[in-house]
Amino acid sequence: MKKKASTSKKLAAVLLTATMCMSALAGCGGTPKDASAGGNAAEGTESTGAGSAQGTDTAEGSSSAETQAGGASDYSEAPMLAELVSAGSLPAVEERIPSAEGVMVENVEQVGSYGDENIKMVLTDAGWGTGKPIEQGLFRFNSEGEVEPNVAKGYDVNDDATEYTIHLREGMKWSDGVDFTAEDCVFFYDHMCVPETFGKSLWDCFKASDGSTATFTKVDDYTFTVSFDVPKPNFINELCINAKWCFAPKHYHETILPEFIGEEAAQAKAEEMGFADVATMGKETGYYYWNVPGVPTLNPWVLSTEPGKSDVEGDYFEFVRNPYYWKVDQNGQQLPYVDKIEYTKISDASQVLIKTLAGEVTIADAGWNDIETLTENADSVGYHIVQWPSSSWGHAASQLELNQTAPDEDYRALFQTREFRQALSIAVDRDEFAKLISDGWQAGRQASPAEGALGYSEEWATKWTEYDPDGAKALLEGLGMVMGSDGYYDLADGKDFVLNILSYSDSGADDTYQVLSNYWNAIGIKSTYKTMDKDTLNNNIVSNEYDAVLSPVAPAETVSLGLRPDTLVPVRNYAEWYGEVGTWYASGGTEGIAPEGDLLELCNLYDQLKVAVGEEERSEIIDKMYQLHEDNIWVIGYMESAAILFSVDNDFVNFPETEMFSDEYRGLGIAHIDCCFFKK
Amino acid sequence: MEEKKIENDGKDIVLDVRDLRINIEMDEGTLTAVRGVNFSIKKGETLGLVGESGCGKSLTSKAILGINEKKCKTTGQIVFDTDGRGMVDLLSLSPKGKEIRQVRGKQISMVFQEPMVAFSPLYTIGNQINECTRLHITKDRKKSREISLEMMKKVGIANAEKRYDQYPHEFSGGMLQRALIAMALVCNPKLLIADEPTTALDVTIQAQILELMKELQKDLNMAILFITHDLGTVAAMCDRVAVMYLGKIVEIAPVKDIYAAPAHPYTQGLIGSVHKIGTKKEERLFSIEGTVPLALNLPPGCGFYERCGKRIEGVCNVKEPELTELSDGHAVACHLCGGCQGCAFGANSGEEAKKDAE
Amino acid sequence: MFIPTILIISFVVFFIMQLPKGDYVSSYIARMQAEGEVFTQEDIAALRAQYGLDKNWVMRYFDWVFKIITKGDFGYSFAYGRPVWSVIMDRLGITIAVSLTIMAFTYLVSIPIGIYSALHQYSPGDYIFTAIGFLGMATPNFLLAIILMYLSFTWTGDPLLGLFSNEMLQEGIHLYNFGEFLQRMIIPTIVIGTAGTCGVIRTVRAQMLDELSRQYALTARAKGVSEATIVYKYCLRAALNPVASGLAGSLSSIFSGSTISAIVMNLSIQGPVLYEALKTQDTYLAGTILMTQAVLVVIGTLLSDILLAWLDPRIRFERKRS
């Protein structure tokens, strides 16, 4: 067992080190996050070259100005499309995708070829599962966490970060052949986001620090501006995280939105499409649009409209090649290489294993529970397992979050005291704990940024991880706690102290609590444990009726505090450890519980971050925020998180061996499966 | 004493039962239900088979048709004068085979005690009677239906056409018994086995049914094996009577002789226990003391030993008596009859018996 | 009595469904958040309003019933975003096909075995069938399903998961791949069918033994009727009485198909739909399915009554009399 663990860990370590080195190179000096006024890093999946000049990005491969292979006439397309072209039902490839100036070139690792084999995947529910891998936003994150152009060619920003000019690609079309222009972006904002036609309140990324909202203005067909009343320096990053894409097919939505056709007609349309009402239609076509047949997209594959293959609630459906997809590889071959993604429904997540073993999937989730079975059969069936490190700060079921706004005053004071958290942390023998919980596959660790993510430090990962029960007791007594007659510590005033821990069913905390409680008992901390339905737990959290949560509903995880602070900065009532402070912050100080000390400092820093201009200032602030977390260890963790596993068909080329798995990178999205192909 | 064969003409014997033994294997041992039964029936004759419950009469009668349960092990011979194949030992035929099925219902029929349960409630009476007709006489629907209807009318079922299509639960007891008789006789069998056919019916109906049977017997020249425990019916119906006790025939005689001069103490007891007209009111009803023992692990000697008022110790409980002929057609199995002296016949035995002994 | 029964059932169903804490929106949000989506308080409130879940459940119930009676509108499924009946209809055909196949298998297998057991009571065959029957009943369906899928995978490399292979899903069902469909029906039929066979076998066996010892069987034998005729014409028809009664519940289970086995074997029938609807508190979908099942039980009882009357004339007679 241990042998296996160390081999895979070594592998992971090597790969992660490699990634780190690359990010170090890319970042040139410690600030991998790039939102510098004007520039963008190079695009393409493997490039390490530095960015180009102000904003505009021409079609390029490496950083030099060499024209890469591919003038307009050098495009080639998939055989199935070529057939349609010669039959006259599809325009020639040069007319379907942008010219050399506008087209986006992906520098793929291995140049691929078109073929017959299709990507096969399984899922229990459509939803984001079908969307994230193929999503195309205006901008996207690269593996280093930097923003790079995608649908948009590039952007400019003025000096005080109140106006952003976004450049689109000339010649780009929707999947039904209609031109994609700036009007589609402006339309999306004005007629969908603002009036909230798809059931989401206007995203934070469109709001400035003073509460005012953005203004979208079309400049010309391929340029538009987003302007704010006050500086919004982090807009592009926030756009990437919050809104993700920022456009919608105007020509389509004008036929279904009540604003354009009237309520009655819209209701009729909704029923015609099989939706219950206008609101549902708005949500499905406007937000989860990729799962509705007939909605034009910019994605590499589009949901089939063939009957029997177009219902994402059905047992089987397909996403077929978008003939107007606007990306080519460095040899001018129009992407994607593969014609279709075939999705099969399974009724239970455990059936993924069966499908994998039967060789019926190209990419599939794999679980650590099944790792032995999977590795045994890998060669005979023909797949390999890839490990992607997670952006989580530690194994979720081993994260203990003490409510810094616990209802009882004394408990609250205790939880807010660093030494108490330290005591709970060093009371546990992490080596033994990790061995018991993960069979030795993972190692013990403090809750801290993952290797390869911003903010990682070895010190932090090992802070308060030494096993020192006596030291723990000393700390407790130093706080004035008194050993009671029952063998457990009471509060200084003699009040009984019980650490009441909650969790939700099937969170995995049943096992971790069992082990942890042994250690806590040994240092005289009495604890109780109760599980409940996730919704019920959420209710408790919302109403601040809890003391501590093991395996939080919102565990600490992020690629960067600056990008996605939700679980680590009290932006609203979301994560268990900061509880009502989040409410305080979101309500502007009118509700909730006001923070003090370092927690207050954390909130202040976040305020500053929102208006910080300039990369240096931002990274300084972010560093300070990380430092606060490291000082305080608000979230106590006991074990590192397991890597996310995928099984990948051996013949499927260009699938990255390792990337960070996070929501910011859209999960499988960063694998860029439109650049993958099947070798013959 | 040597076993003497029952005298008969040798002619016109329809059924000849020879040394019929039926054993039933049980956990406790072997139940010797029928321990060597011999009798014969002549054409057109009615033989009554009388005995208490449990003496083996039903088993005997069912053995003739081979419809006892599997666990009954039968030995001996049951010779029947079949149509077309001469004298056949019915016991040699497989109980599930084709040959015996050609005898059942066609050459030998059986009428049962409770007509209410003898028919299947799921099919009409007509259907069930007709089944017999179609099985043995003709497969033609129309013809067989006519024949069945004919029979139904013959047995006195009023409104036969309507009744043909009715279900058993729509019939009264007497009517059902008539239907049962119709079903048994529709194929003109040579022998009718009537197993207590009137026991379940009330007295008036009883008389009618018996009348009917006699009529039909005359009509069809049919032999009847009439099984009953009711001595009154015996007198009305039978030509000869065989008395069975504990699996053996203890006395067999023409009906008059049985009543006039019962030789076996058991028979005497039976006759004596019939309530006669003229008995004084204050006299207690006579009954034979004791009950029929279980035919399991029987001790040697006479089966009636325990209950006999005339038993001779040292004789009766040592050797089993054989069926001995007393006079023409009258045989008895008892140590005390046929050349014995000093019999201390009890007070309730008939005067004639005393005379015999002297 | 029919309508009030249905109404009461629907009311009880509705009541029970809203008992657990939270509603469809809360479970929906929990799931979406797990995938990274972010919901603000306004988003959540808007969703609730959209689904009408901000209203009191009693009001929602009467609203729903009213719509059913006046417009035949059973509401829509939150999860599918479509009218409830379109969701049910999706799987109705296949569910009925699967259920009828399994029912046919159950009866075609158990009745002959029951007869055999009765005719050869205490023979080795009798004991073997009884043992298999009890084993089948005692083993949980899903365990049997997993074992069979494992065996299939080890021997043939194909676990036969689901009713349709990928090719079948792409090309649809035609004559040439109907055979494959039947092949994939083997495991579900065995798994779900065997559970039911034991009961029927024992019932038929007991009834047959009873009937075989009846007087009318003896009479028939005395008539010269063959053993086969006695068994099939007379005894079997009487023995089927309890089996016919049992059909009452079958109609409703044909509609829904078994649930846990369906999930384990990835059968696309109605059972898992109901299960998901109950889990996520998709009120109208679950309510409609349950109500339909209740209606089918009532209809099934009626049908089995008719069947009984046909089987047994005595019942007809009693009806006539009363």
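Of everything in region C:269-284, what is in contact with a Ser or Thr (Cβ under 8 Å, 6 or more places away or on another chain) and either over 13 Å from C:Arg91 (Cα atoms) or within 11 Å of chain A (Cβ to nearest Cβ) (or both)? Give them in sequence order. Talk me through it step by step, then tell me what you get.
Applying the first criterion (in contact with a Ser or Thr (Cβ under 8 Å, 6 or more places away or on another chain)) to region C:269-284 yields C:269-272, C:274-275, C:277, C:279-282, C:284.
Those that are in contact with a Ser or Thr (Cβ under 8 Å, 6 or more places away or on another chain) and either over 13 Å from C:Arg91 (Cα atoms) or within 11 Å of chain A (Cβ to nearest Cβ) (or both): C:Ile269, C:Gly271, C:Pro272, C:Tyr275, C:Ala277, C:Lys279, C:Thr280, C:Gln281, C:Asp282, C:Tyr284.
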- [ ] Among the candidates C:Leu119, C:Leu182, single out the residue that is among the aliphatic types (A, V, I, L, M) and in contact (Cβ under 8 Å) with a residue 24 or more places away in the chain.
- [x] C:Leu119
Task: Members of region C:258-267 that are among the small types (Gly, Ala, Ser) and open to solvent by less than 10 Å² (accessible area, probe 1.4 Å) - done: C:Ser261, C:Ala262
Task: Residue selected from region B:112-122 under the condition within 9 Å of another protein chain (Cβ to nearest Cβ) and open to solvent by less than 30 Å² (accessible area, probe 1.4 Å), by the criterion nearest to B:Leu65 (Cα to Cα) - done: B:Phe112
Task: Test result for C:Tyr275, closer than 30 Å to C:His120 by Cα, among the aromatic types (Phe, Trp, Tyr) and not in a loop (DSSP other than H, G, I, E, B) - done: no
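Out of C:Val225, C:Val243, which single residue is touching a strand residue (DSSP E or B) at 6+ places or on another chain (Cβ under 9 Å) and either crowded, with 22+ Cβ neighbours inside 10 Å or hydrophobic (A, V, I, L, M, F, W, C) (or both)?
After ruling out the rest, the residue left standing is C:Val225.
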Open item on the list: Can you tell me which condition C:Ile186 does not meet? The list is (1) under 30 Å from A:Ile119 (Cα atoms); (2) away from chain A (no Cβ under 14 Å); (3) of a type in the set (A, V, I, L, M); (4) touching a Lys or Arg at 6+ places or on another chain (Cβ under 9 Å), and all the others hold.
Closed with: (4)
- [ ] Determine which member of the set A:Thr512, A:Thr465 is farther than 29 Å from A:Gly588 by Cβ, of a type in the set (Val, Ile, Thr), open to solvent by 20 Å² or more (accessible area, probe 1.4 Å) and modelled with pLDDT of 90 or more.
- [x] A:Thr465
Open item on the list: Suppose we filter A:Val338, A:Val302, A:Val320, A:Val295 for residues that are among the hydrophobic types (A, V, I, L, M, F, W, C), open to solvent by less than 20 Å² (accessible area, probe 1.4 Å) and farther than 17 Å from A:Met192 by Cα; which single one remains?
Closed with: A:Val338
Task: Pairs, first more than 13 Å from B:Glu69 (Cα to Cα) and at the interface with chain B (Cβ under 7 Å from one of its Cβ atoms) in region C:208-224, second assigned to a helix (DSSP H, G or I) and open to solvent by 40 Å² or more (accessible area, probe 1.4 Å), C-beta under 8 Å, six or more apart - done: C:Tyr216/B:Val117; C:Lys223/B:Leu135; C:Gly224/B:Arg101; C:Gly224/B:Gln102; C:Gly224/B:Leu135
Open item on the list: Among the residues of region C:1-40, what is the count of those that are open to solvent by 60 Å² or more (accessible area, probe 1.4 Å), within 16 Å of A:Thr536 (Cβ to Cβ) and either modelled with pLDDT of 80 or more or away from every other protein chain (no Cβ under 12 Å) (or both)?
Closed with: 1
Open item on the list: Go through region A:559-592 and report how many residues are at positive phi and in contact (Cβ under 8 Å) with a residue 24 or more places away in the chain.
Closed with: 2
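Can you tell me which of A:Glu451, A:Glu458 is open to solvent by 60 Å² or more (accessible area, probe 1.4 Å) and modelled with pLDDT of 90 or more?
Unique residue meeting the criteria: A:Glu458.
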Open item on the list: Can you say whether C:Asp312 is open to solvent by 30 Å² or more (accessible area, probe 1.4 Å), among the acidic types (Asp, Glu) and touching a helix residue (DSSP H, G or I) at 6+ places or on another chain (Cβ under 9 Å), as far as the supplied structure shows?
Closed with: no
TODO: Check C:Phe74 against each of (1) touching a residue at least 24 places away in the same chain (Cβ under 8 Å); (2) at the interface with chain A (Cβ under 9 Å from one of its Cβ atoms) and name the one condition it does not meet.
DONE: (2)
Open item on the list: I'd like the residue in region A:401-424 that is in contact with a helix residue (DSSP H, G or I) (Cβ under 8 Å, 6 or more places away or on another chain) and not hydrophobic (A, V, I, L, M, F, W, C) and, out of all such residues, is farthest from A:Ile523 (Cα to Cα).
Closed with: A:Thr405
Open item on the list: Go through region A:319-340 and report how many residues are out of contact with any helix residue (DSSP H, G or I) (no Cβ under 8 Å at 6 or more places or on another chain) and part of a strand (DSSP E or B).
Closed with: 4
Task: Residue in region B:123-137 that is farthest from the other protein chains (Cβ to nearest Cβ), counting only those that are open to solvent by less than 10 Å² (accessible area, probe 1.4 Å) and within 16 Å of C:Leu218 (Cβ to Cβ) - done: B:Gln128
Open item on the list: Return the residues of region C:1-33 that are of a type in the set (D, E, K, R) and either in contact with a Pro (Cβ under 8 Å, 6 or more places away or on another chain) or assigned to a helix (DSSP H, G or I) (or both); say none if nothing qualifies.
Closed with: C:Arg31
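Tally the residues that are touching a Phe, Trp or Tyr at 6+ places or on another chain (Cβ under 9 Å) and within 14 Å of chain A (Cβ to nearest Cβ), restricting the search to region C:54-71.
2
Output the number of residues of region A:264-283 satisfying the condition of being open to solvent by less than 50 Å² (accessible area, probe 1.4 Å), within 9 Å of chain C (Cβ to nearest Cβ) and not hydroxyl-bearing (Ser, Thr, Tyr).
Adding up the residues that qualify gives 7.
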TODO: Take region C:255-272 and flag every residue that is farther than 26 Å from C:Val65 by Cβ, part of a helix (DSSP H, G or I) and among the hydrophobic types (A, V, I, L, M, F, W, C).
DONE: C:Ile260, C:Ala262, C:Ile263, C:Val264
Task: Listing of helices (runs of 4 or more DSSP H) fully contained in region C:150-252 that carry 2 or more residues being in contact with a helix residue (DSSP H, G or I) (Cβ under 9 Å, 6 or more places away or on another chain) and under 30 Å from B:Glu114 (Cα atoms) - done: C:178-212, C:215-223
Open item on the list: I'd like to check something: does region C:192-210 contain any residue that is acidic (Asp, Glu), out of contact with any strand residue (DSSP E or B) (no Cβ under 9 Å at 6 or more places or on another chain), surrounded by 16 or more Cβ atoms within 10 Å (Cβ to Cβ) and more than 29 Å from A:Gly308 (Cα to Cα)?
Closed with: no
Task: Residue satisfying condition, being charged (D, E, K, R), loosely packed, with under 15 Cβ neighbours inside 10 Å and out of contact with any Pro (no Cβ under 8 Å at 6 or more places or on another chain), within set C:Asp63, C:Asp43 - done: C:Asp63
Open item on the list: Being more than 11 Å from A:Ala642 (Cα to Cα) and in a loop (DSSP other than H, G, I, E, B) is true for just one of A:Thr375, A:Thr405. Which residue is that?
Closed with: A:Thr405
Task: Residue list for region A:348-365, restricted to those being open to solvent by 40 Å² or more (accessible area, probe 1.4 Å), at the interface with chain C (Cβ under 8 Å from one of its Cβ atoms) and within 18 Å of C:Ala145 (Cβ to Cβ) - done: A:Asp348, A:Ile354
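The values are calculated or read from the model by the stated rules, or taken from the named source; none is laboratory data. Everything numeric here is computed off the predicted structure, so don't read it as measured data. Please note: Cβ atoms are built from the backbone with ideal geometry, for glycine as well, and neighbour counts cover all protein chains shown. With ligands, DNA and RNA removed, areas are computed over all heavy atoms of the protein, side chains included. Shrake-Rupley method; radii C 1.70, N 1.55, O 1.52, S 1.80 Å.
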